[in-house]
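What follows is a set of notes on a single structure, which appears directly below.
The values are calculated or read from the model by the stated rules, or taken from the named source; none is laboratory data. Predicted model, so just to flag it, every value in this text is computed and none were measured. Cβ placement follows ideal geometry from the backbone for every residue including glycine, while neighbour counts extend to all protein chains displayed. To get the accessible areas, we keep the full protein, side chains included, count just its heavy atoms, and leave off ligands, DNA and RNA. Shrake-Rupley method; radii C 1.70, N 1.55, O 1.52, S 1.80 Å.
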Amino acid sequence: MIVCLTGMPGSGKSSIVSALKVMGLETLNLGDGVRAEAKRRNLEPSGDNLGKLMLELREKNGPGAIAALLTEQIKNSQSKVIIIDGVRSTAEIEVLKNVGIVKLLSIEASADTRYKFLSARGRSDDPTTRKKFEERDNREIDVGLGKSIAIADETISNSNITLDELIELAHKIIVKWINN
């Protein structure tokens, strides 16, 4: 089973994935595929560079190109469940469906909450201004993120809950899917 987390940048997906990894689940991040490609090309992993590279890979190899970067790793995994962070399009979901059973969990949070989180996180591709944040949101929506969010099997609202509560909600949903 491939459990895909989707949602706007800064909604809490990576926090959930980090906790699930500590619990022993195998986790992959679609953005890591892009970051690895940037490293192969000796590109600085800035938000602008990674965004341009993501769009280039999709233009050259199709809208599911980013998910395709991880298919061999998924196929070679010994895990019965793999958590994928950062699914952005239905095309990526279709690529993953060719590898296993896919369930989609959407994480939602307000723009203000997401901006505060991303500003504090400090990853190389995190926006440093509200303008960069909005540009990133628009780029993500342009590649189909809204559709992925809309077709999610389940959605968690990361609003007025603690990080522990967010992780617990996600874990309960995933355990339910595994047991069904």
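Per residue, the accessible area of the chain comes to 52 Å², computed with a 1.4 Å probe over protein heavy atoms only. Binning the C-alpha pair distances of segment 68-150 at 5 Å intervals from 0 yields a P(r) profile of 3, 12, 21, 20, 17, 14, 10, 3, 0 %, listed from the shortest bin outward. Of the trypsin sites (Lys or Arg not before Pro) in segment 18-51, the ones in a loop by DSSP (not H, G, I, E or B) with at most 15 other beta carbons within 10 Å are Arg41. Between Thr129 and Lys60, the FRET efficiency from the beta-carbon distance, with R0 = 41 Å, is close to 0.90. When every Cα-Cα distance of segment 25-71 is counted in 10 angstrom steps from zero, the calculated P(r) takes the values 28, 56, 15, 1 percent. Reducing segment 9-69 and segment 115-178 to their Cα centroids gives an inter-centroid distance of 14 Å.
Summarise the accessible area of the chain (1.4 Å probe, protein heavy atoms) by the percent that is carbon and sulfur. Could you put the intermediate results ahead of the total?
On the way: 4660 of 9310 Å².
Roughly 50 percent, rounded to a whole number.
Roughly what % of DSSP beta bridges within the chain run antiparallel, to the nearest 5? So the antiparallel bridges amount to about 0 percent of the total. Think of the chain as a dipole: +1 on every Lys or Arg Cβ, -1 on every Asp or Glu Cβ, centred on the Cα centre; then among Ala111, Val3, Ala152, Val3 lies furthest on the positive end.
Under the definition of Cα pairs under 8 Å and six or more residues apart, what whole-number percent is the relative contact order of the chain? All intermediate terms of the calculation are to be shown ahead of the outcome.
Working: 268 pairs, mean separation 64.4, N = 180.
The normalised contact order for the chain reaches 36 percent.
Using a probe of 1.4 Å on the protein chains alone, the accessible area found for Asp153 is around 80 Å².
So, with +1 on the Cβ of K and R and -1 on the Cβ of D and E, and no other charges, what is the size of the charge dipole of the chain about its Cα centre, to the nearest 20 debye? Please list the in-between numbers first.
Values: 26 positive and 25 negative charges, 56 e Å.
With Lys and Arg at +1 and Asp and Glu at -1, about 280 debye.
With the Kirkwood sum run over all distinct C-alpha pairs, segment 135-180 has a hydrodynamic radius of 12.5 Å.
Rounded, prolate or oblate: which fits the chain when a ≥ b ≥ c are the square roots of the eigenvalues of the alpha-carbon gyration tensor, with rounded for a/c under 1.5 and prolate only if a/b beats b/c? Before the final figure, lay out each step's value.
Details: a/c = 1.59, a/b = 1.10, b/c = 1.44.
Note, shape of the chain comes out oblate.
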